[in-house]
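Encoded as structure tokens, the structure appears first; notes follow it.
The values are calculated or read from the model by the stated rules, or taken from the named source; none is laboratory data. Just so we're clear, the structure is a prediction, and the values are computed from it rather than from any experiment. Backbone-built Cβ (ideal geometry, glycine too); neighbour counts: all protein chains shown.
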Amino acid sequence: MLKKILMLKNLKLGRSFLFCVKNILKKNSYNILFYYPAHFNRSESKKNEFFEPLYEICDRHDISYLILEEPVLDRAVTRSDKAVPFDFIFLIILVLRKILPAKHFKDFYEKESYIADKIKNLLLRKLQYDNVIVLSNSMVGFFHGMDKNARIFDYQHGIIYPSHDGYISEEKRVPDHIYKNSVNLLLYSRLFKEILIEYTDSDYYKNHTYVIGKHIEKHERKVNPEKKNILFSLQIAGDEPKRDRNWVKVINRFLNRHSEFFTTNGLKIIFKRHPRYSPEYDDSSLYNFKFTELFDGTLDDALENCFIHITLFSTVVFDAAARGIPTLLWNTTDSKAFLYQEYYKYPIEPLDDDKIIGKISEYLEKPGRYENESEKVFDWFNYCYTPLKENTFFEALNLPEVAK
């Protein structure tokens, strides 16, 4: 019952319905349609940190665009005033997916295309767009079905690796949701493009990927090991409940086993939850130690006050490296810590429990060693990320007149 109430509270059906009425009565054309689930409103100002720099580019160059925001039904999230809620249509899509018999369609993608065609003719008949940019491959089948002439792009929002089934199947194929919907990828750097090409058995990604880079806040490599605070980025997001609960137990054992070390050295562990953390996965036991606390502030503030970062495989590795803060990747049960060194050449090898303690001791006792590895991770960040390139963005979306 609580989830149903929460779902209704999160919806913005009125404004979403008016959007449909508008696109029944009047033609509306855009160069770009941006689409994303509302849980991506996770920046310090509760905005979509991935798309905001792209909006700014569009504003500077008079590129017309529309922002559509998908509701999150299972928890409260910040909704954008700038975006049009997609709630009304989203619920219709969910209902039609449920009631339309699968036996009448060749596969899910044909069914999705059928739903899109019906919704377009009934509710969005006068909405026109040249390009669609989404996050996390959201609704790519629907938008491909709406207009097969429009180009669809997925903008990278995390790391890409050979076993990431969102981009590479177990058989080293391009997944159907990308291939069948002719999805193009907008990537952070050449590094990720090379991984996609190397670990798939076709030329698809050679011709459907564009390295546009990422907006990067410039930070000086300014760290201070005397701060004695350690940021621990949690990966408990509800994707795999059994794994998440086990991680809480594993981290608890680590804290209990090494509590004397942290207390004796005056160290404090600041835990930062994953943006998609759900309260149903209780992690409160992690904050019952004298040397631990849950940090509710921004990631920038957390990093500003820490000299070491620990994680199982959070992409905060990159945020820390941008400031010269070394990350100790914990190689424990179900961790993907190995990815960073095997595929991205991270300069510090993954560590087990005891070696993490050994590395922290080394940093405390040998400031020169800490300084050296701080420089290495700072340089590594610049290897992995390319600053946002406007011209490549324009060219990818077939807007060459803007790029000139």
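Laid out as a table, the results:
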| item | result |
| --- | --- |
| From 106, 98, residue being in a loop (DSSP other than H, G, I, E, B) and free of Cβ contacts under 8 Å to residues at least 40 places away in the same chain | 106 |
| Count of residues meeting criterion [modelled with pLDDT under 95 and touching a strand residue (DSSP E or B) at 6+ places or on another chain (Cβ under 7 Å)] in region 189-201 | 2 |
| Subset of region 157-191 [charged (D, E, K, R) and crowded, with 16+ Cβ neighbours inside 10 Å] | 180 |
| Qualifying positions in region 347-395 - assigned to a helix (DSSP H, G or I), crowded, with 19+ Cβ neighbours inside 10 Å, touching a Ser or Thr at 6+ places or on another chain (Cβ under 9 Å) and of a type outside the set (Val, Ile, Thr) | 384 |
| Residue 345 being basic (Lys, Arg) and without any contact (Cβ under 8 Å) to a residue 24 or more places away in the chain | no |
| Residue ranges of helices (runs of 4 or more DSSP H) in region 232-316 with at least 2 members within 21 Å of residue 351 (Cα to Cα) and among the β-branched types (Val, Ile, Thr) | 241-257 |
| Condition check for residue 93: assigned to a helix (DSSP H, G or I), closer than 20 Å to residue 133 by Cβ and either at pLDDT below 95 or over 21 Å from the mean Cα position of the chain (by Cα) (or both) | yes |
